[in-house]
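Asks: Pasting a structure below so you can have a look.
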Amino acid sequence: MSTPSTPTRRHRVVVIGSGFGGLFATQALGRAPVDITLIARTTHHLFQPLLYQVATGILSVGDIAPTTRIVLRKQKNVEVLLGDVETIDLAAGKVTSHLLDRETVTEFDSLIVAAGAGQSYFGNDHFAEFAPGMKTVDDALELRGRILGAFEQAELSDDPEERARLLTFVVVGAGPTGVELAGQIAELAHRTLAGAFRRIDPRESRVVLLDGAASVLPVYGGKLSAKAAERLEKLGVEIQLDSMVTNVDVDGLLVRHKNGTENRIESQCKVWSAGVQASPLGRQLGEQTGAEVDRAGRVHVNRDLTLPGYPNVFVIGDMMALDDLPGLAQVAMQGGKYAAKEIRAGLDGARPADRQPFKYFDKGSMATISRFSAVAKVGKLEISGFIGWVMWLVVHLMYLIGFRNRLSTVISWIVSFLGRGRAQMTSTEQQVFARNAIDMLQEHSRASAAESREAG
Ligand SMILES: Cc1cc2nc3c(=O)[nH]c(=O)nc-3n(C[C@H](O)[C@H](O)[C@H](O)COP(=O)(O)OP(=O)(O)OC[C@H]3O[C@@H](n4cnc5c(N)ncnc54)[C@H](O)[C@@H]3O)c2cc1C
C-alpha cells in the first residue's frame, strides 16, 4: 500500500516594506516557487527622491507613489497586505501587523525586513511639531500647504514684521534633500508665484538653508559643494553653515553659530531634513539576535545581510548597517535583489555558509539644485551644471515605476522647467493641520487610558 503524497507547502517569504528594498526584493522573486506576503503600512511604493517636487507643486502624488498591488498585479506569487508591523518573532517565525483594530499574524520561512527610516531630531522630537520632516506623502502634502499658506497669510497682513516672518522659509539640513527643497522654494517664489499676488511680492521672500556642517552637500565635498553653494546663492538662498538649531517654536527658531553667538530667525514655515532614524523594528531584531544597533537605529548585519543565528532573515536598505554604506535607493535595491537571489539559491539546495558576501556597486550619486543645474559624482568623475541636470533627469525617470508615471512626470517637468507653471499647487486645510490634530488626539487617548488605569 502506498501512502498518498501530500502536496508540499511552498516556501513562505514575508517582505516588510514596499519601498525600494521591499519592492525590488519582491520583484526579483517573481519567478521563484515561493509564496510572498508583502506587508507595508502604506498602499503605495514611494519614490522618495522626488518628494520635494510634490511639496513644491511640480509633481502629483500619483506620479511618484504608484499603488503597490497594481504594480505587482501580474506577479501571481505575491499577496500585498496593508498593515503596520509591530512585532517580529524570529524564533516562532511570525510577523504581527495591525490595520486599525485588526490584527494579522503572518508566518514565514524567510523574512526580508525593509522598513526604511524616519526623520531624526537628535533627541529633540518636540521640534517636529513646528518643523516637519519630509519622508512620506503626508509630509510632502503638509509642506506644500504650509509653503503656499504662508504666502496667502502674508498677502493678508499689513504688519511688516509679520509679513517678513511669513515670507521667511527655513530649511534645516543642507544634504541633498535640503538643497533640493531650498532651491525649489526659491524658484517657486521667484518664478512661479511672481506677479500672482497684489499686496506682496513673493520675490522678496527669504529662503534660509542651515546646517551644522561647514559646507553644503558635505558628502560630495570640495568643488561640487562649492558649486552647489554658488548656484543656491544665485537663486537667492541664504546659506548659514556651522550653525546648529537649538530650539524651534511656532514663530521661528534659535540658531547657535560656531563662534558661540546665538540668533533667532523669525519664520513660520520651517522644514527639517537634518537626520534619519531607522525603523524601530531594528531594535526588536537586535534584542532577539544580539546584533548591534547603532545610534541611528540601524542593525549591523552579517556580510550576507542576515542576522546572527538567522540565515533566513535579511535586513536591507536604510535599516541595515554594513561597511558604512549610505542610505541610498541603490543600496536598498541591490540589497533586495541580493536577498531574493540567496533565497532562490537556498531553494536549490545552496547552504547559507557558502553564500558570497553582498557587494554594493556604487553607481554614483546626484542632487539637483534648480532647473538646469545639478551636481553628480560617479566614481572619480564630478559633473555639475546643465549636463549634471540632464543626467539627473534621465536617472530619475529610469527608476520611476510605470510608463504612465514616467510620461506624466515628463509632461510636468516640461511645464515647470521650460515654462514657469506648476500643475500641482492645490493644498487643503486638512493637509496642513491633520498631523498635529492626530498627534493631539493620540495624546488625549493615551492620557485617558492612563487615567482609567490609575482609577481602577
Ligand atoms: C526626501 C528624500 C530624498 C531622497 N533622495 C534620494 C536620492 O536622490 N537618491 C537616493 O539614492 N536616495 C535618496 N533618498 C534615500 C532613499 O529614498 C532611501 O535610501 C530608500 O528609500 C531606502 O529604501 P528602503 O526600502 O530601505 O526604505 P523605504 O524606501 O523608506 O521603504 C520603507 C517601507 O517600509 C514601510 N514601513 C515602515 N515601517 C513599517 C512598519 N512598521 N510596518 C509596515 N511597513 C512599514 C514604509 O511604508 C515603506 O513602504 C531620499 C530619501 C528621502 C526621504
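The values are calculated or read from the model by the stated rules, or taken from the named source; none is laboratory data. Because the structure is a prediction, the values reported are computed rather than measured. Here the Cβ is made from the backbone with ideal geometry for all residues, glycine too, and neighbour counts use every protein chain on show. Ligands, DNA and RNA are excluded from the accessible area calculation, which covers all protein heavy atoms including side chains. Shrake-Rupley method; radii C 1.70, N 1.55, O 1.52, S 1.80 Å.
Asks: Only loop residues by DSSP count here, and only those with at most 11 other Cβ atoms within 10 Å; note down the trypsin sites (Lys or Arg not before Pro) in region 192-240 that meet that.
Replies: The qualifying sites are R198, R199.
Asks: Further question: Just to confirm, what accessible area per residue do you get for region 36-116 at 1.4 Å probe, in whole Å²?
Replies: Accessible area per residue, region 36-116: 43 Å².
Asks: A follow-up question, please. So, with a 1.4 angstrom probe, what is the percent of accessible area on the chain that is carbon and sulfur?
Replies: 54
Asks: Please report the accessible area of V237 (heavy atoms, 1.4 Å probe, ligands and nucleic acids excluded) in Å², nearest 10.
Replies: 10
Asks: Over region 370-456, give the accessible area per residue in Å² for a 1.4 Å probe, as an integer.
Replies: Details: 5690 Å² over 87 residues.
About 65 Å² of surface per residue is accessible.
Asks: Rank these by accessible area, largest first, 1.4 Å probe: I239, I343, I414.
Replies: On the way: I239 35, I343 10, I414 90 Å².
Result, largest first: I414, I239, I343.
Asks: Just in region 71-100: which trypsin sites (Lys or Arg not before Pro) are loop by DSSP and have at most 15 other Cβ atoms within 10 Å?
Replies: Passing sites in region 71-100 are R73, K74, K76.
Asks: Helix-only mean residue ellipticity at 222 nm, the chain, DSSP H runs n ≥ 4 weighted -39,500 (n - 2.57), per residue, nearest 500. What is it?
Replies: Counting only the DSSP helices, I get -10500 deg cm²/dmol.
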